Amino acid sequence: MSKQVTLTIDGKQITVAEGMGLADAAKLVGIDIPVFCHHPKLEPVGMCRMCLVEIGRPMRDRATGQFVMENGAPKIQFMPKLETACTNKVEEGMVVLTQTQSAKAKDGQKGTVEFLLTSHPLDCPICDKGGECPLQNLTMAHGPGKSRFLYDEKLHLEKQKPLGELIFLDQERCIQCARCIRFQDEIVGDSVIGFDERARATQIVSFSNPGFDSVFSGNTTDICPVGALTTADFRFGARPWELDAQASICTQCPVGCNTTLNTRREAKAGGDIVVKRVMPRQNEEVNEIWICDKGRFAYHYAESNKRLANPMVRTDGKLGSTSWEVATKLAAEQFLKAKKDFVILASGRLANEDLFNLKLLAEQSEGKAYLYSHMAGGELTSLVGVSEGTNFGKMGTGTTIVVVASDLYQEAPIWYLRVKQAAKRGANLVVVNPRKTKLEKYAASAVRYAYGDEVKTITDLNKKDKVGEALTSAENLVILYGSEGLGVSDSAAVASACAKLLQETNHTGKPNNGLIGVWERANDQGAWEMGFEVAEDLITLLKGKTVYIVGADLAADDPKLGAVLEGAEFVVVQDVMETTTTELADVVLPAQAFTEREGTLTSGERRVQRFYAAVPVTGDSKPDFAITSQIAHHMGTSLEGTFVSTVFDMLTNAVKSFAGLNYAKLAEVKEQLPIVGRGDLYYGGTTYENKHGLGAHLSAAATPQETVSIPEVRKEAALHPKENELLAVPVTRLYDRGTTVLPAELLHKRIGALSISLHPDAAQNLGVQAGQTVNVSFNGTSGEAVVKVDDTVPAGVALIPRSMGLAIHEPVAVQVKL
Amino acid sequence: MAHILLRHREIPNLNQLNVYKENGGLEAFKNAVTRMKPNEVTDVVKNANLRGRGGAGFPTGMKWSFIDNKNWPHYIVANADESEPGTFKDREIMEGNPFQFLEGLMLASYAVGANASYIYLRGEFWDIGDSLDAQIAELEAEGYLGEKLFGTDYSLRLYTHLGAGAYICGEETALLESLEGKRGQPRNRPPFPPAVGLYGKPTIINNVETFTNVPMILAKGADWYKTMGTADSPGVKIFSLSGRVNKPGNYELPLGTTFRELIYTHGGGVIDDRKVKAIMPAGASSSLIMVDDEKILDTPMDYATVRTLKADLGSASVIIIDETVSLDWLINKTVHFFKHESCGKCTPCREGTYWMSHLTERIHGGHGTKADVDLLLNVAKQIQGKCLCALGEFSTMAVVTSIERSRQDFDRVVQA
């Protein structure tokens, strides 16, 4: 435990850890010193001068260094001036008088509020922050009741200044606390906003292109202590007191950020209850109080007008609405008829309960269930994955974090933040990637390899002096691997090589050690735990079969897969909305979106978390597990189809790593520090307090004593493109044209068109320039892409983002022409 | 008496290296590096009781001895941001006697073990920056700067850096931020620069005039230096005299010289032989000394005695105000300056100077009331003691003292 110091605040004696700021220490004993610029996640700056208090320190004799005693106690010498509680750290014997004990402090704070309000517009009745605004609250608590500043002399500035298309600034409301700037500088490392001008002309500006170019920008609106920063999505959308709040989990990536869905009944939506905004919900072990902009803005797909409302069957070549009874019965008959030719293809977007029922359906019939993913190796993340007690937030000196073949900023933004902060606390970060990524700036070592050489590179990692030392001598070792430039078999090989490293260096089966897959979807890890596999060759797998596709749009991802489906025996597609794939189906089954139902998801860190229903269901749609249950019923077997909790109980009995969990346990909470959140607007963040569950880790499959068998994977030699070709590799971008992203129109500018990133030399050789449209072709597939020139791309390589319209599943040799 | 700092007034072309050397220049530095230990240099400065000439009057040798010797490297920074309205002494030094300033900076660098030292110049001193660069190059060419000086293990390089035109960058921590390439805004103190300074390393920051004293102290000794000035404030000081006097300018005089001597013996008296009404001894940041009694002019100008008049000597930029000046006009000017120069970091200064400027404008424009004057005084006091750095504090000095000490100037212009 760190050194403790004892001090007195307003007569209360408290003992806290050395190094703590006074404002935070006071908060621990229930004394709220008002703050604006101070935020417990940011370094104190003492700018706003709101937390002024009187501070006395024990006097020391200059000659001896001993305390000067008076009446048996050290004599306290008070400073002549008020001091800021945020920047002063606790000291032994310190005596602090806050606004409740000191008239001087009270007066000082009142003065600060009055100063702030001289330039503040007082447009609370039309302000988005009104109702959850620290300035409003602290004015009521500590400010003067009346302004002495002449109203006519108030500054008038721009009220709706876009910092980018996602975030707007109201210059009049800004109180120059710099929380947003400091968040971007200190927490994110994207220094894309700053102050311009000085004195009363000081304003926030963005100097990036596009404006406010950071995937974390929305968080600045949460921590803004006034209504200066608002999101384009929520601004003018609703008053905070009209909103209901439901706990949820973000389904956009494997991090599993805890969120709160704010909902309201709305005339604009025909009297329906709709989601108005997605807010972070505090979980210090997962996402702290942050979420990325994709998680914040992409939820709109759930209210898309392409949502499926009724079951449909194809008659005379046309899809037409029908009853659940007819549709599920037809599907069941076909599944039974298919016998061994029955294939289930499930998305990692589904809840654990959906996947479990699908897995059981496959087992109870003669079919087989597959996970639809471009990435493999999950049987190893189950075996040597992280378990109970694992927390990026506590990692620091002694921990080595290796990130392999992943651009974390794009693939799992919150993990990028967490890994970056761990490195700042002293964790040894090793980034192993074929090109430079944003995370590399914070790495102790960067290992670069040529696309195709990943397995050899990973295998040799512990032979490299500095890196090898970091791996072998580390107390804890976490390896995150992604799918940068990898196909399915490549990623399986990478997973295997990483698992071997962990095993060889004795870093398995204990907390804060293990392998983490940077998956494509939120619940891929859950599917792997249940024994789903990924098919390497979907075309062969699906050809002529009876297929039950759940939550996947294969035909849009790859037209070749669409062609295969057209030739399949029978196709049942279950999804939340109309897709290219549902158009090819014989039976279409409408599923509920995550906002409409409850369930659990397993994050990449193997944490199982609950999400809850927030809005009414769309049409006649049902939760996936219930639909599967109904089909099973018609197939003559039985699957739970009513209660999620019952399915979850069955899951914990059937799957070893889920043993010991139960549905109620996932909803347990405990006190989290720092104290932020809705219930207490003290720090001014509008982050939600976590009242609905912190989730629980799956157990460690492999204890250190157990020998884990890791498959030997042979990796084929890298592709060698011909002279007129480039090696095109698939990479993952945060904003893509996926089913759950594209309906959010706000993000369209950021998604952009399909791009191809080339090294400047490659672009020159091809005679193309940035912004030009080129034709990319390989193996009979071709498409148009906009050229991006990027000197971090290796020469001879072209980066092609996934899910942007050009189906590239693994590295291929491509021809690029103007 | 011959000048000690403004020696170029007697010695032509002192800004040329050979002339400076012919007049004993750089001997103190060479002697220190080859024959003295670094702390011995500090001890001499300490013994001379040289006090900082930037405004605060902090003992220089003591500041140097505060440098954290457990943390390296060390830096020395010369504050050449001279921006206080009414102060124009550093400019004359750097133009007329630059090598003496540079030698002082080099001696300080040696004393604290700095191998790289910086001169932070206000942006408008770009021409001085050019000439200092040339002079530094000359010193390098002649072996006074560079690696392993005079065959010892000591190396030193000097660099100039131009600011971008902000008054706040004269505040030492804002200066450091600006020097690091960041926005020029003050840091929280503590920690103080001798512990955590430039790039987080121990740093000593002194004013140009302070450094310029050092070579003479090293050459002639602390005892010689203490024969000038007062016991509390030894040595000479350049007084930048301006305002309603016949001969404004820089006057190098022993500390403790009286206001009367400065104004009448050197400054040629007040224009049109009018009466001195008030004195601002430290530029726009001054508290006003009201000269309602002629005897006040006989006060010696040293750090301690000026304080007995409830004002500070500061950088000794003495602005003379006569009966033609109404104080409502005066503080309207000073408040506008501070409103313009507030860095905007802390609330009381950013909002308070803005508010005060509205009030002074209203009062001076004849639209104010007695209540506005009361409010102005109240707002100024509401700023005091609450700001992050001294700028906000400075903005209130003239306001509070002029209203409290000469309320009639305001009552005269306000509406009944």
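Answer yes if at least one residue in the range A:500-522 is hydroxyl-bearing (Ser, Thr, Tyr), touching a residue at least 12 places away in the same chain (Cβ under 8 Å) and assigned to a helix (DSSP H, G or I), and no otherwise.
The answer is no, given that none of the residues of the range A:500-522 is hydroxyl-bearing (Ser, Thr, Tyr), touching a residue at least 12 places away in the same chain (Cβ under 8 Å) and assigned to a helix (DSSP H, G or I).
Return a yes/no flag: does the range B:309-318 have any residue that is assigned by TED's automatic domain parsing to the domain that holds residue B:264, modelled with pLDDT of 95 or more, among the polar types (S, T, N, Q) and farther than 19 Å from residue B:407 by Cβ. Yes: one or more hits. Looking across the range B:344-364, the residues that are more than 10 Å from chain A (Cβ to nearest Cβ) and either farther than 9 Å from residue B:414 by Cα or touching a strand residue (DSSP E or B) at 6+ places or on another chain (Cβ under 7 Å) (or both) come down to B:356, B:360.
One residue is enough: does the range B:1-14 have a residue meeting the conditions surrounded by 15 or more Cβ atoms within 10 Å (Cβ to Cβ) and out of contact with any helix residue (DSSP H, G or I) (no Cβ under 8 Å at 6 or more places or on another chain)? Scanning the range B:1-14, I find no residue that is surrounded by 15 or more Cβ atoms within 10 Å (Cβ to Cβ) and out of contact with any helix residue (DSSP H, G or I) (no Cβ under 8 Å at 6 or more places or on another chain), so the answer is no. The residue that is modelled with the lowest pLDDT, counting only those in the range A:205-225 that are within 14 Å of chain B (Cβ to nearest Cβ) and surrounded by fewer than 23 Cβ atoms within 10 Å (Cβ to Cβ), is A:207.
Quick check, is residue B:186 surrounded by 21 or more Cβ atoms within 10 Å (Cβ to Cβ) and more than 19 Å from residue B:53 (Cβ to Cβ)? Considered against the rule, which asks whether it is surrounded by 21 or more Cβ atoms within 10 Å (Cβ to Cβ) and more than 19 Å from residue B:53 (Cβ to Cβ), residue B:186 comes out as yes.
Determine which member of the set A:43, A:54, A:70 is in the same structural domain as residue A:105 (by TED's automatic domain parsing), over 37 Å from the mean Cα position of the chain (by Cα) and at pLDDT 90 or above.
Just a single option satisfies the conditions, and that option is A:54.
A single entry from A:637, A:628, A:642 fulfils the requirement of being free of Cβ contacts under 8 Å to residues at least 24 places away in the same chain and among the β-branched types (Val, Ile, Thr): A:642.
Any chance the range B:294-301 includes a residue that's under 23 Å from residue B:208 (Cβ atoms), in contact with a Lys or Arg (Cβ under 9 Å, 6 or more places away or on another chain) and in contact (Cβ under 8 Å) with a residue 12 or more places away in the chain? Checked the range B:294-301: at least one residue is under 23 Å from residue B:208 (Cβ atoms), in contact with a Lys or Arg (Cβ under 9 Å, 6 or more places away or on another chain) and in contact (Cβ under 8 Å) with a residue 12 or more places away in the chain.
Can you tell me which residues in the range A:54-74 are surrounded by 14 or more Cβ atoms within 10 Å (Cβ to Cβ) and either part of a loop (DSSP other than H, G, I, E, B) or within 12 Å of chain B (Cβ to nearest Cβ) (or both)?
A:54, A:59, A:68, listed by residue number.
Identify all residues within the range A:135-156 that are among the small types (Gly, Ala, Ser) and within 12 Å of another protein chain (Cβ to nearest Cβ); write none if there are none. Within the range A:135-156, just A:147 meets the criteria.
Among strands (runs of 3 or more DSSP E) lying entirely in the range B:74-192, which contain 2 or more residues that are small (Gly, Ala, Ser) and more than 18 Å from the chain's Cα centre (by Cα)? Steps first, answer last, please.
Numbers: elements: B:74-80, B:114-121, B:157-162.
Hits in the range B:74-192: B:114-121.
The residue of the range A:166-204 that is farthest from the chain's Cα centre (by Cα), among those that are of a type in the set (Val, Ile, Thr) and within 14 Å of chain B (Cβ to nearest Cβ), is A:202. Against the list (1) of a type outside the set (Ser, Thr, Tyr); (2) away from every other protein chain (no Cβ under 14 Å); (3) touching a residue at least 24 places away in the same chain (Cβ under 8 Å), the condition residue A:51 fails is (2). Take the conditions in the same structural domain as residue B:247 (by TED's automatic domain parsing), modelled with pLDDT of 95 or more and closer than 30 Å to residue A:51 by Cβ and apply them to residue B:287. Does it pass? Considered against the rule, which asks whether it is in the same structural domain as residue B:247 (by TED's automatic domain parsing), modelled with pLDDT of 95 or more and closer than 30 Å to residue A:51 by Cβ, residue B:287 comes out as yes. Among residues of the range A:411-432 that are under 17 Å from residue A:605 (Cα atoms), none has a beta-carbon under 7 Å from a residue that is modelled with pLDDT under 95 and part of a strand (DSSP E or B) at least six positions away or on a different chain. Inside the range A:701-732, residues that are modelled with pLDDT of 80 or more and either under 27 Å from the mean Cα position of the chain (by Cα) or of a type in the set (D, E, K, R) (or both) make up a count of 7. I'm trying to understand the selection: among the residues of the range B:127-160, which are within 18 Å of residue B:93 (Cα to Cα), hydrophobic (A, V, I, L, M, F, W, C) and exposed (fewer than 13 other Cβ atoms within 10 Å of the Cβ)? The one that is within 18 Å of residue B:93 (Cα to Cα), hydrophobic (A, V, I, L, M, F, W, C) and exposed (fewer than 13 other Cβ atoms within 10 Å of the Cβ): B:134.
Within the option set B:332, B:378, being part of a helix (DSSP H, G or I) and within 15 Å of residue B:280 (Cβ to Cβ) holds for one residue only, B:332. Residues that are assigned to a helix (DSSP H, G or I), surrounded by fewer than 21 Cβ atoms within 10 Å (Cβ to Cβ) and facing another protein chain (nearest Cβ under 10 Å) within the range B:383-401 comprise just one, B:393. If you go through the range B:237-275 and keep only what is crowded, with 19+ Cβ neighbours inside 10 Å, free of Cβ contacts under 8 Å to residues at least 60 places away in the same chain and touching a Phe, Trp or Tyr at 6+ places or on another chain (Cβ under 9 Å), you end up with B:251, B:253, B:255, B:257, B:262, B:267, B:270. Taking (1) in a strand (DSSP E or B); (2) surrounded by fewer than 22 Cβ atoms within 10 Å (Cβ to Cβ); (3) of a type in the set (Gly, Ala, Ser) in turn, residue B:278 satisfies each apart from (2).
Six or more apart or on different chains, Cβ atoms under 8 Å: show the pairs whose first residue is in the range A:76-90 and more than 8 Å from every other protein chain (Cβ to nearest Cβ) and whose second is hydroxyl-bearing (Ser, Thr, Tyr) and buried (at least 20 other Cβ atoms within 10 Å of the Cβ). Sorted first by the residue in the range A:76-90, then by its partner, the pairs are A:85/A:98.
Looking only at residues in the range A:104-134 that are assigned to a helix (DSSP H, G or I) and more than 12 Å from every other protein chain (Cβ to nearest Cβ), the one that is farthest from residue A:235 (Cα to Cα) is A:106. If the condition is being crowded, with 24+ Cβ neighbours inside 10 Å and among the polar types (S, T, N, Q), then the range A:509-534 contributes A:513, A:523, A:525. Residues that are within 14 Å of another protein chain (Cβ to nearest Cβ) and buried (at least 22 other Cβ atoms within 10 Å of the Cβ) within the range B:304-336 comprise just one, B:335. Of all residues in the range B:199-215, those that are surrounded by fewer than 23 Cβ atoms within 10 Å (Cβ to Cβ) and in a helix (DSSP H, G or I) total 2. Check the range A:235-246 and report whether any residue there is modelled with pLDDT of 95 or more, under 26 Å from residue A:735 (Cβ atoms) and crowded, with 22+ Cβ neighbours inside 10 Å. For the range A:235-246, residues modelled with pLDDT of 95 or more, under 26 Å from residue A:735 (Cβ atoms) and crowded, with 22+ Cβ neighbours inside 10 Å: absent.
The values are calculated or read from the model by the stated rules, or taken from the named source; none is laboratory data. The structure presented is a predicted model; accordingly, all values stated were derived computationally and were not measured. So basically every Cβ, Gly included, is an ideal-geometry build from the backbone, and we count neighbours across all protein chains shown.
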